[in-house]
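Colleague: Structure provided below as structure tokens; questions to follow.
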Protein chains: 2
Amino acid sequence: MINRRPTKKLHIGGVAVGGDAPIVVQSMANTDTRNVAATLRQIGALADVGCEIIRLAVPDAVAAAALADIVRASPLPVVADIHFDHRLALAALAAGVHGLRLNPGNIRKPEHVRAVVAAARERGVPIRIGVNAGSLPARKDKPHMGPAETAAAMVEACLAQVRLLESLDFDLIKISLKASDVPTTVAAYRRMADLVPYPFHLGITEAGTPGVGAIRSSAGLGILLYLGLGDTVRVSLTGDPREEVRVAYEILKSLGLRERGPTLISCPTCGRTEIDLLGLATAVEQHLGHIKAPIKVAVMGCVVNGPGEARDADVGVAGGAGKGAIFRRGQVVRTVPEAEILPALLREIDAAVRERETGG
Amino acid sequence: MINRRPTKKLHIGGVAVGGDAPIVVQSMANTDTRNVAATLRQIGALADVGCEIIRLAVPDAVAAAALADIVRASPLPVVADIHFDHRLALAALAAGVHGLRLNPGNIRKPEHVRAVVAAARERGVPIRIGVNAGSLPARKDKPHMGPAETAAAMVEACLAQVRLLESLDFDLIKISLKASDVPTTVAAYRRMADLVPYPFHLGITEAGTPGVGAIRSSAGLGILLYLGLGDTVRVSLTGDPREEVRVAYEILKSLGLRERGPTLISCPTCGRTEIDLLGLATAVEQHLGHIKAPIKVAVMGCVVNGPGEARDADVGVAGGAGKGAIFRRGQVVRTVPEAEILPALLREIDAAVRERETGG
């Protein structure tokens, strides 16, 4: 039901972004890039939870020099995040990075921009132009711009950078237009969507700590993805970047855009609930944490709505007074006393996983 | 930037829903309604975090009888959630509830429906028709309906109930069309939006445990609210219902639709971060938990982007090597050593709150 905006496909290492490629999940390491071992450890941990592209800050020449070792051992394609200094961009390209995040407008001298673009073109390395609301020069003069005006200024600033790259015959371009508030971000991407064919990297900047940040990111990215915009996403959260990857997948799963691991649905409980539903749902969620198959599990409080609501679930339980009805695909298969619900449910889940794995 | 769908305004007790009323946040108690003290305790706790309407399950005559005492002492308008038994609806109305959630189609005899509608009309009590994907009779015959087909069947089932109430000259109607997946839910509400003038109660059913459920709800409600749909919302989470209210407000705040309490933005940290940003953000978030004023606070890792990104924040900090620049509305006001960042920031926050309270 979502019609994705047609975009030019490009590749970050072996990962396709845009066109008919699945929407790609990425994150950014928060280790010191100069610490190769720590950075590779974090990249490995992120790859384990499904991260597909990793971005690294390159604040200085030592960090740029470390990239060669990181790229060589990284299980994920590496994007170098660079500001102002074209020498860092050239060093990152020489180190073999698969993508650059760099605003050519921030590099003062035209000959420096030409050198970076020539090196990127030679290696087939895409450049992401990322305009953030907070770094707009226009906003310094006009402190009270609303979302629509800010979005227009972001798009204008971004287009100037796009035209600069295009004038150098370079079109391996990705675009991001991030703000820390949802309406501005959505307005900026929508406006840009009609103007260029390049894929979009989505994100809400500075979304905050995991609890609140996940909500803002889900609302913002949910809207953009529903509108068909977005070819790769990064959820920005203050904390462990693995959480960014988990949240990104949950957003994409909720819209049917990616599949990854099990899905648990559980009812909010009410005055009709007669079993410890929260305890049950939490225990099931923990068990599902070890499962990779995309099975759907439903933990429901009442037998009246339970099986019906969770008809599409592979396995489920609907609680009643001191007992639970275990069901498969909406059909009750047996009823057990409350104390036996959890083990019975976990057995059914494991059986459903085995069936799926053996195609049974 | 959001144009809300024009809807007929109605009132649940003293709370307006629809028309030009703000989007209302509601929740459902998970206490046993027959336990008046426990239910009132939970209603009070929910009111404290901003809940504006409370729904209670009414599974039997004892629960219906308890409603009179609850309604009398409740700080929030009460909606009785009733299935099948028209006598429970009549008892709830007699007890003084301010709203009913009841599908007239589930009450078999036409004279029973007429009796309930007459009593609701006499008291000016609105009825919410709530069609959930899982309870569609059509799905029993067609187990493999996709989102669009399921949404169409939901709308058809709901419209039949709407026409039944309208045929009895009753139009104090609210509508909900919930599914546990986002695309079906969005499709159903969009389809219904053009067909009736009644306000919408939004929700994603069985969204799951707080972590994942908040993400699914934020994506789904984010899309609907952005499309201008929704007059009241309930986030369904398995767990403490206060969390439902907090998530609902964060979604509404992220779209600029409601204001409530402080907003914290914080950067995701990267290889440039040189202070303990997560520790700082967490401590600030905890402090903000005690503040009611809608101030905006920014906790940023680097001094280059910090003040610019957080230009609209009332108070902020941007970390550097072993120090932090404290800023007010994007202007750096002073720089302190790392150990003094937190106390300095909290002092500025408290000063900003006082200024706002005194209009200074």
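The values are calculated or read from the model by the stated rules, or taken from the named source; none is laboratory data. All of these numbers come straight from a predicted model, not from anything done at the bench. Counting neighbours? That spans all protein chains shown, and the Cβs are built from the backbone with ideal geometry, glycine included. To get the accessible areas, we keep the full protein, side chains included, count just its heavy atoms, and leave off ligands, DNA and RNA. Shrake-Rupley method; radii C 1.70, N 1.55, O 1.52, S 1.80 Å.
Colleague: Looking at (1) farther than 22 Å from A:Val245 by Cα; (2) of a type in the set (D, E, K, R); (3) in contact with a Ser or Thr (Cβ under 7 Å, 6 or more places away or on another chain), which is the one condition that is false for A:Arg128?
Modeller: The failed condition is (1).
Colleague: Looking only at region B:25-41, how many residues end up being under 30 Å from B:Ala293 (Cβ atoms) and either open to solvent by 10 Å² or more (accessible area, probe 1.4 Å) or within 11 Å of chain A (Cβ to nearest Cβ) (or both)?
Modeller: Number of matching residues: 5.
Colleague: Out of region B:147-156, which residues are small (Gly, Ala, Ser) and open to solvent by 30 Å² or more (accessible area, probe 1.4 Å)?
Modeller: The answer is B:Ala148, and nothing else.
Colleague: Check whether at least one residue in region B:167-179 is within 13 Å of another protein chain (Cβ to nearest Cβ) and not acidic (Asp, Glu), and report yes or no.
Modeller: yes
Colleague: Next up: If you go through region B:72-96 one residue at a time, how many are small (Gly, Ala, Ser) and part of a loop (DSSP other than H, G, I, E, B)? Spell out the reasoning first.
Modeller: As a first pass, look at region B:72-96 and keep what is small (Gly, Ala, Ser): B:73-74, B:80, B:89, B:91-92, B:94-96.
Restricting the remaining residues to those that are part of a loop (DSSP other than H, G, I, E, B) gives B:74, B:95-96.
Residues that pass the stated criteria total 3.
Colleague: Turning to a different aspect of this structure: Can you tell me which of A:Ser236, A:Ser217 is farther than 30 Å from A:Leu346 by Cα and within 7 Å of another protein chain (Cβ to nearest Cβ)?
Modeller: A:Ser236
Colleague: Restricting to region B:268-284, count the residues that are facing chain A (nearest Cβ under 7 Å) and closer than 14 Å to B:Lys296 by Cα.
Modeller: Going residue by residue through region B:268-284, those that are facing chain A (nearest Cβ under 7 Å) are B:268-273, B:277-278, B:281-282.
Checking the rest, the ones that are also closer than 14 Å to B:Lys296 by Cα come to B:281.
Matching residues across region B:268-284 total 1.
Colleague: Taking B:Asp171 as the residue in question, decide whether it is surrounded by fewer than 23 Cβ atoms within 10 Å (Cβ to Cβ) and at pLDDT 95 or above.
Modeller: Judged against the criteria, B:Asp171 is a match.
Colleague: Being buried (at least 24 other Cβ atoms within 10 Å of the Cβ) and small (Gly, Ala, Ser) is the filter here; which residues of region B:193-229 pass it?
Modeller: Residues satisfying the conditions are B:Gly203, B:Ala207, B:Gly208, B:Gly213, B:Ala214, B:Ser217, B:Ser218, B:Ala219, B:Gly220, B:Gly222.
Colleague: Pull up region A:116-137, narrow it to residues that are farther than 18 Å from A:Gly99 by Cβ and not polar (S, T, N, Q), then point me to the one that is modelled with the highest pLDDT.
Modeller: A:Ala133
Colleague: Go through the residues of region B:245-257 one by one and say whether even a single one is closer than 20 Å to B:Ala133 by Cα, in contact (Cβ under 8 Å) with a residue 40 or more places away in the chain and at the interface with chain A (Cβ under 9 Å from one of its Cβ atoms). Talk me through it step by step, then tell me what you get.
Modeller: So the first thing to find is which residues in region B:245-257 are closer than 20 Å to B:Ala133 by Cα, and the list is none.
Looking for residues that are closer than 20 Å to B:Ala133 by Cα, in contact (Cβ under 8 Å) with a residue 40 or more places away in the chain and at the interface with chain A (Cβ under 9 Å from one of its Cβ atoms), one finds none in region B:245-257, hence no.
Colleague: Quick one: in region B:42-73, which of the residues that are open to solvent by 20 Å² or more (accessible area, probe 1.4 Å) and either under 20 Å from the mean Cα position of the chain (by Cα) or within 21 Å of B:Leu221 (Cβ to Cβ) (or both) is nearest to the other protein chains (Cβ to nearest Cβ)?
Modeller: Top of the filtered list is B:Gln42.
Colleague: Just to be sure, is B:Gly220 assigned by TED's automatic domain parsing to the domain that holds B:Tyr249, free of Cβ contacts under 8 Å to residues at least 40 places away in the same chain and either part of a helix (DSSP H, G or I) or farther than 28 Å from B:Ala115 by Cα (or both)?
Modeller: Here the answer is yes, as B:Gly220 does meet what is asked.
Colleague: A:Leu88 - would you say it is in the same structural domain as A:Asp69 (by TED's automatic domain parsing), at pLDDT 95 or above, open to solvent by less than 50 Å² (accessible area, probe 1.4 Å) and over 18 Å from A:Arg72 (Cβ atoms)?
Modeller: Values: in the same structural domain as A:Asp69 (by TED's automatic domain parsing): yes; at pLDDT 95 or above: yes; open to solvent by less than 50 Å² (accessible area, probe 1.4 Å): yes; over 18 Å from A:Arg72 (Cβ atoms): yes.
Against the criterion (in the same structural domain as A:Asp69 (by TED's automatic domain parsing), at pLDDT 95 or above, open to solvent by less than 50 Å² (accessible area, probe 1.4 Å) and over 18 Å from A:Arg72 (Cβ atoms)), A:Leu88 qualifies.
Colleague: Follow-up question, since we're still on this one. Evaluate the following for A:Leu177: is it surrounded by fewer than 23 Cβ atoms within 10 Å (Cβ to Cβ) and of a type outside the set (Lys, Arg)? Give the derivation first.
Modeller: On the way: surrounded by fewer than 23 Cβ atoms within 10 Å (Cβ to Cβ): no; of a type outside the set (Lys, Arg): yes.
It is false that A:Leu177 is surrounded by fewer than 23 Cβ atoms within 10 Å (Cβ to Cβ) and of a type outside the set (Lys, Arg).
Colleague: Could you list, in sequence order, all residues of region B:154-192 that are assigned to a loop (DSSP other than H, G, I, E, B) and aliphatic (A, V, I, L, M)?
Modeller: B:Leu168, B:Leu172, B:Ala179
Colleague: Separate question: When you check A:Pro22 against the structure, is it open to solvent by 40 Å² or more (accessible area, probe 1.4 Å), in contact (Cβ under 8 Å) with a residue 24 or more places away in the chain and more than 25 Å from A:Leu225 (Cβ to Cβ), yes or no?
Modeller: In short, no.
Colleague: Turning to a different aspect of this structure: Filter region B:106-130 down to the residues that are open to solvent by 10 Å² or more (accessible area, probe 1.4 Å) and closer than 23 Å to B:Arg234 by Cα and list them by number.
Modeller: Within region B:106-130, B:Asn106, B:Gly124 qualify.
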